[in-house]
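The values are calculated or read from the model by the stated rules, or taken from the named source; none is laboratory data. Worth saying up front: this structure is predicted, and the values here are computed from it rather than measured. Here the Cβ positions follow ideal geometry from the backbone for every residue, glycine too, while neighbour counts run over all protein chains shown. Each accessible area value is taken on the protein alone, full model and side chains, heavy atoms only, with ligands, DNA and RNA left out. Shrake-Rupley method; radii C 1.70, N 1.55, O 1.52, S 1.80 Å.
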Amino acid sequence: MLTGCAGFIGARVAALLLESGHSVAGVDNLGAPSGGRLGEWRLGRLRQHPGFAFHRLDIRDRQAIEPVFHAGAASLPVSAVLHLGALAGVRGSVAEPEAYYQVNVVGTLNLLELCREFGVGKFVLASTSSVYGAEVDGPVAEDADSSRPLSPYAASKKAAETLLYSYHHLYGLDAVALRYFTVYGPAGRPDMSVFRFIRAVAEGEPITVYGDGTQRRDFTYIDDIARGTVAALGVAGYETINLGYGSPVVLNDVIGLVEKAVGKTAVIEYQERHAADPLTTWADISRARDVLDWTPAIGIEEGIRRTVEWYMDNREWTRLLT
């Protein structure tokens, strides 16, 4: 069972599982950010696989999602839950903190309770590097302080992690919390920086940068994230694992790579940095190497090139996304 199957990361993880011969029961309510034209595009590609069963449901409604644990996919019972469904985004959570809590915390609790009830023994949770809070001077490892999140989004993900550990401790659930670092790539979220930069440069629109553009992000390509997420299914016990590239890139340099790939010059408008945004995200990925036998394969220049290529191939409708 995979929640958030029409979302950016969820759809790629689902495709990878299906291509490997697994059956996937996909759950999504097709609300923001996975709804709309882009979500339907992702979902349409998944529907081509005979092992995929789609359930349009909201994880906040436990009674509604319970039948999925009965039905599974391809008449097979649910053997693992990959919980990638969430409300994501730092600024959105400042505006609507209650909605983020309901989806990211109550939704996670509903799924954990159903795993307990139905004897599902594996659970992979999509968390975020935002739990680390304030900016760091070097690569941050999983045992770094995560008790001071800077936004309701980060706080809700940290709360979901603590619930996950509780169910591992109480019921022996094999549980992994994956802390993703700035994921980008083809069919990415329109509100994320790389998609916004590509569309703006391609369409001759100004780019809004919050801060002076010297902030650094550990940009991680979607295919690498999907591989790491699937690998987490093989973990026994409890683990918290960073999935990032392991080398942050200055935001202004990313814009330069977009300019190069598109073949146009960006028009940049700088605005004040949001208080909930850290200056730097930088993953120590030693544990991912050791536990998952995982290392990222796609660097930022190649990743930007592939993402620009996808955008231009689908420009007729992607330029209209907001």
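Cut-off 10 angstrom, C-alpha nodes, Gaussian network model of the chain. Which of Gly31, Gly44, Gly246 fluctuates the most?
Gly44
Hydropathy first: keep DSSP H helices in the chain averaging at least -0.5 on Kyte-Doolittle, then drop any whose Cα extent along the axis falls short of 24 Å, and list what survives. The partial results should precede the final answer.
Details: long enough: 152-171 (28 Å, -0.41).
Going by DSSP H runs, the hits are 152-171.
Could you check which residue among Ala144, Ala160, Ala99 shows the biggest mean-square fluctuation in a GNM of the chain with a 10 Å Cα cutoff?
Its mean-square fluctuation being the largest, the pick is Ala144.
Order of 161-168, 289-296, 197-204 by packing, highest average Cβ count within 10 Å first? Kindly include the intermediate steps, with their values, before the conclusion.
Working: 161-168: 17.6, 289-296: 16.1, 197-204: 20.0.
Put in order of decreasing packing, that is 197-204, 161-168, 289-296.
Starting from the Kirkwood Rh over alpha-carbon pairs, what translational D in µm² s⁻¹ does the chain have by Stokes-Einstein at 10 °C and 1.306 mPa s? Intermediate results must be reported in sequence, preceding the final value.
Details: Rh = 19.8 Å.
Answer from the Stokes-Einstein relation: 80 µm²/s.
Note down the magnitude of the dipole of the range 7-134 about its Cα centre, charges +1 on Lys and Arg C-beta and -1 on Asp and Glu C-beta and zero elsewhere, to the nearest 20 debye.
Details: 11 positive and 10 negative charges, 73 e Å.
Its charge dipole is roughly 340 debye.
Specify the inter-centroid distance of the range 261-322 and the range 159-207, based on alpha-carbon positions, in whole Å.
Value for the Cα centre distance between the two parts: 12 Å.
Given bins 10 angstrom wide, list per bin the percent of all Cα-Cα distances in the range 181-267, short to long.
Final binned percentages: 16, 43, 26, 11, 4, 0.
Which aspartates and glutamates have a Cα lying under 17 Å from the Cα of Lys157, excluding residues fewer than 8 positions away in the same chain?
Glu96, Glu98, Glu142, Asp143, Asp145, Glu239, Asp277
Of the listed peptides 61-70, 122-131, what is their order by residue-averaged count of other C-beta atoms within 10 Å, with the highest listed first? Mind showing how you got there, number by number?
Details: 61-70: 14.8, 122-131: 25.7.
Sorting 61-70, 122-131 by mean packing, highest first, produces 122-131, 61-70.
Give me the number: length gained by fully extending Arg116 to Tyr165, i.e. 0.36 nm times residue separation minus the C-alpha to C-alpha distance, one decimal in nm. Each step should come with its number before you reach the end.
Details: separation 49, 0.36 × 49 = 17.64 nm, distance 1.32 nm.
Computed gain between Arg116 and Tyr165 is 16.3 nm.
When the solvent-accessible surface of protein heavy atoms is calculated with a 1.4 angstrom probe, in what order do Met192, Met1 fall, highest first? Display every interim value, and only then the final one.
Working: Met192 55, Met1 20 Å².
Sorted descending by solvent-accessible area, the residues read Met192, Met1.
On a straight-distance basis, which lysines could pair with Lys264 in a cross-link, Cα separation under 26 angstrom, same-chain partners fewer than 8 positions away excluded?
Within the straight-line cut-off, Lys264 pairs with nothing.
With a 1.4 Å probe and every protein chain left in place, work out the accessible area per residue of the range 226-322 in Å², rounded to a whole number. Working shown, then result.
On the way: 4870 Å² over 97 residues.
Value for the range 226-322: 50 Å² per residue.
Can you give the helix-only mean residue ellipticity at 222 nm for the chain, where every DSSP H stretch with n ≥ 4 adds -39500 (n - 2.57) and the sum goes over all residues, rounded to the nearest 500 deg cm²/dmol? Write out the running numbers ahead of the final one.
Working: 13 runs with 134 residues, N = 322.
Value at 222 nm, helices only: -12500 deg cm²/dmol.
Return one quarter of the surface area of the convex hull spanned by the alpha-carbon atoms of the range 15-59, equal to its mean projected area, in nm².
Details: hull surface 12.3 nm².
Mean shadow area of the hull around the Cα atoms is 3.1 nm².
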